[in-house]
Amino acid sequence: MTNWYGWAGTILNVDLTNMKTSREPLTKEFATKYIGGGGFATRILYDEVGPEVDPLAPENIIIIGQGPLSGTVAPSGSRYDLISKSPLTGIYARSNGGGFFGPEMKYAGYDLIVIRGKAEKPVYLWINDEYAELKDASHLWGKDTWTTQRMIQDELRDPEVQVLKIGPSGENMGYSSCVIANLGRAAGRMSIGAVWGSKNLKAVAAKGNKWVSVARPKEFMELCQALIERAKGDPMYDIHTSYGTSAWVTYPDLAAEQKAKGQPREEHPLWYTNLDTLYDKNVACFGCALHCSHYYSVKSGKYKGTAGEGFENGPLARCRLVGVSDPAFVCEINNLCNQLGLNVQAPFYNIGWAMQLYQDGIITREDTDGLELIRGNEEIILQLVYKIAYREGFGALLDDSTRGAKMLGRGSDEYVSHHKGHTMGGTGGRLSDLRTTLNSAVATRASAGVQSQTRPDYRDQYPDEHLRKLGKERYDDPEVFFRQDSPDPKKALEVYENENTFALCDMTGTCHFASHQTLITEGVHDEDFAQLMSTATGVDFSIADLTRATERKNLLERSFNAREGIRRIDDYPYPFHYQLKYGKQHPRYDYSTFKFSMEDYDQVLDEYYRLRGCDQATGIPTREKLEAVGLKDVAEDLERRGILPR
Ligand code: SF4
């Protein structure tokens, strides 16, 4: 393929150890098999980073992947995938980010940036079309992300240069670290910021002056326009374009209480209305008609003057773990975390854990650098966020509560819950419904709601009759969304299908929120992706081709994790995982309150493995399935290592 459509056609290789960059052509075979973004990057990670590689060693790699729809007018084509081996969990790490960096990298002519080795001193990568250079970043080391971005743009004399960067947390190789685009577009999970820090990589700056060509422009444009128009008819559209993911917080936090009291859905409180005084303006990632983010400013009270970008449902939902419910505080902590390069959810999980230990007398001021860890004390929480970012004193323990508990001892591990080493905050375990629990527990990147999607009945915008219609259309079962606790095999099918659609978004470079797993009825469906991909790239993709590509990606992730020792026991929600591991119930959970039993869970997990083509006993992909999706070499690799199921 000499003319590339959709894809840019080039990989940028960066060798930090030898301070060199080189360009390499993409091949047609690789592009059509792995599609793009996370698909490309996962294959490269599998090939280059084995179980012998320490995530913080120079041998680990960082891959920034772009999809063929990124930088085009396809709905929400703004995303990039960041892939590595996670220092937090020691397994597959993927984080996805929005903003403007992804399309800019594409306009510079690259589908992939693969960063290897370790620089001797701090550097940043500057990409300007074909020109790519590693520049000294000693003067940037120690700076927060906002200052770093400004200094790089000043230095390059171009305020439109797009900059991915780490803050002090990543520099200190913190387990809560992340990578930030723009003011607050975080690739937040799995502590990939620490991998940047370990390599002395402060930032990647890009400016592109090319176009992304599409193969059939008229058809492609008409299709994109029709999809953007169609999305407006979705019941979720208005609320998502007004409040973004903040609107999702209503159901779990307040509406659930009302539901438990038997009140009808229409009366559930809309907590997001409190946000109207803070949100000044909607903000969109590149070319996104959903513009779901916001510029916010606090107009009164002790945080008056705080202004920034965001925030998502995560901090809104999690702030209650530390006893706070004031959205103005969420603005403050959101800014602070973005500047320090911290995953904004992590401090809530980890400080909430410490506050419970303090309340139960397991730790005292002697452990906490003299700080009194009382829930709701906002000043102390903000101080602790600094300590976490700089891994200073008690902050080193709080950076990751699973590790912190091991350091501390005293039974503090019983206050931590996790999936595959990724904390879920306190003794949370997602045992509220079977589908959401399965989604979170089987996620290859660990404890990740956004690897699949929360169920549609999670949203007040979809009334009961709508859900019945949807259940009938999708699963020939109008009641499927009303049986969240029963061991219905369709729960596994929902998760399998949702994972595939989200993988498709990640591979094409589009946003989950534009897909039909968020805009449930009128979002981009799999058949739309097939048309978008065909008209953009000029390669005819069927739905089956794309489904096979998503399966290939998931099986590569599962195989990567299998090499790292992940097995069936790691695909259980934490209380069950604990029970299987230690042969007794977890002392801090009341199992009688769970909505389903281990046997129920086993049934849907078995079905999930059947759909994925994984061995029931181990959860490892089978040879038959790997070969069916064109991964014979992976089957042979697993066999050589003695872990391929027989
Ligand atoms: S839907 Fe929101 S997060 Fe997704 S691309 Fe659009 S503005 Fe960004």
Counting just the residues of the stretch 120-165 that are surrounded by 14 or more Cβ atoms within 10 Å (Cβ to Cβ) and among the hydroxyl-bearing types (Ser, Thr, Tyr), which one comes out farthest from Leu340 (Cα to Cα)? Tyr124
How many of the residues making up the stretch 85-99 are near the ligand (Cβ under 10 Å from one of its atoms) and assigned to a loop (DSSP other than H, G, I, E, B)? 2
Which fully enclosed helices (runs of 4 or more DSSP H) of the stretch 536-646 have 2 or more residues being among the aliphatic types (A, V, I, L, M) and in contact with a Leu (Cβ under 9 Å, 6 or more places away or on another chain)? 543-563, 598-612, 632-640
Would you confirm, using the coordinates I've provided, whether Glu332 is in a loop (DSSP other than H, G, I, E, B) and of a type in the set (Asp, Glu)? no
Search result, residues across the stretch 388-427 that are under 20 Å from Gly90 (Cβ atoms) and basic (Lys, Arg): Arg391, Arg403, Lys406, Lys420
Return the pairs, sorted by first residue and then second, in which the second residue is of a type in the set (Phe, Trp, Tyr) and assigned to a loop (DSSP other than H, G, I, E, B), the first residue lies in the stretch 505-524 and is in contact (Cβ under 8 Å) with a residue 12 or more places away in the chain and farther than 21 Å from Ile64 by Cα, the beta carbons are less than 9 Å apart, and the residues are 6+ apart or on different chains. Ile520/Tyr462; Thr521/Tyr462
Scan (1) within 16 Å of the ligand (Cβ to nearest atom); (2) aliphatic (A, V, I, L, M); (3) under 30 Å from Ile388 (Cα atoms); (4) at pLDDT 80 or above for the single condition Leu316 breaks and write down its number. (4)
Of residues in the stretch 254-309 being within 16 Å of the ligand (Cβ to nearest atom) and part of a helix (DSSP H, G or I), the one modelled with the lowest pLDDT: Tyr272
Meets criteria (in contact with a strand residue (DSSP E or B) (Cβ under 9 Å, 6 or more places away or on another chain) and modelled with pLDDT of 80 or more) for His240: no
Let me confirm something: among Lys143, Lys118, which residue is more than 24 Å from Lys387 (Cα to Cα) and either touching an Asp or Glu at 6+ places or on another chain (Cβ under 7 Å) or of a type in the set (D, E, K, R) (or both)? Lys118
Considering only the stretch 143-199, state which residues are within 16 Å of the ligand (Cβ to nearest atom), within 19 Å of Asn350 (Cβ to Cβ) and modelled with pLDDT under 95. Ala186, Gly188, Arg189
Members of the stretch 482-527 that are over 22 Å from Phe100 (Cβ atoms), among the charged types (D, E, K, R) and within 16 Å of the ligand (Cβ to nearest atom): Glu522
Those residues of the stretch 520-542 which are under 25 Å from the mean Cα position of the chain (by Cα) and buried (at least 23 other Cβ atoms within 10 Å of the Cβ), in sequence order: Gly523, Val524, Phe529, Leu532, Met533
Just to be sure I understand, how many residues within the stretch 567-594 are of a type in the set (Asp, Glu) and farther than 30 Å from Leu638 by Cα? 1
May I ask you to verify whether Leu82 is within 16 Å of the ligand (Cβ to nearest atom) and either part of a strand (DSSP E or B) or among the acidic types (Asp, Glu) (or both)? yes
Go through (1) away from the ligand (no atom under 16 Å from the Cβ); (2) buried (at least 21 other Cβ atoms within 10 Å of the Cβ); (3) under 24 Å from Ser70 (Cα atoms) for Asp545 and report which single condition fails. (2)
Going by what's in this entry, would Gly117 be described as among the small types (Gly, Ala, Ser), surrounded by fewer than 24 Cβ atoms within 10 Å (Cβ to Cβ) and either in contact with a Lys or Arg (Cβ under 8 Å, 6 or more places away or on another chain) or without any contact (Cβ under 8 Å) to a residue 12 or more places away in the chain (or both)? yes
Verdict on Ala562 being within 21 Å of Ala635 (Cβ to Cβ), modelled with pLDDT of 95 or more and of a type in the set (A, V, I, L, M, F, W, C): yes
Of the residues Thr32, Thr21, Thr17, only one is assigned by TED's automatic domain parsing to the domain that holds Lys199 and either within 16 Å of the ligand (Cβ to nearest atom) or assigned to a loop (DSSP other than H, G, I, E, B) (or both); which? Thr17
Extreme residue, surrounded by the most Cβ atoms within 10 Å (Cβ to Cβ), among residues of the stretch 71-106 that are in contact with a strand residue (DSSP E or B) (Cβ under 7 Å, 6 or more places away or on another chain) and among the small types (Gly, Ala, Ser): Gly102
Within the stretch 602-619, how many residues turn out to be over 16 Å from Thr444 (Cα atoms), of a type in the set (S, T, N, Q) and free of Cβ contacts under 8 Å to residues at least 60 places away in the same chain? 1
Checked the stretch 35-56 for anything buried (at least 23 other Cβ atoms within 10 Å of the Cβ), closer than 18 Å to Ala8 by Cα and among the aliphatic types (A, V, I, L, M); matches are Ile35, Ala41
Restricting the stretch 98-156 to residues that are in contact with a helix residue (DSSP H, G or I) (Cβ under 9 Å, 6 or more places away or on another chain) and among the small types (Gly, Ala, Ser), which is nearest to Leu290 (Cα to Cα)? Gly102
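The values are calculated or read from the model by the stated rules, or taken from the named source; none is laboratory data. Being a predicted model, the structure only gives us computed values, none of them experimental. In this analysis, Cβ positions are derived from the backbone assuming ideal geometry, glycine residues included, and neighbour counts consider all displayed protein chains.
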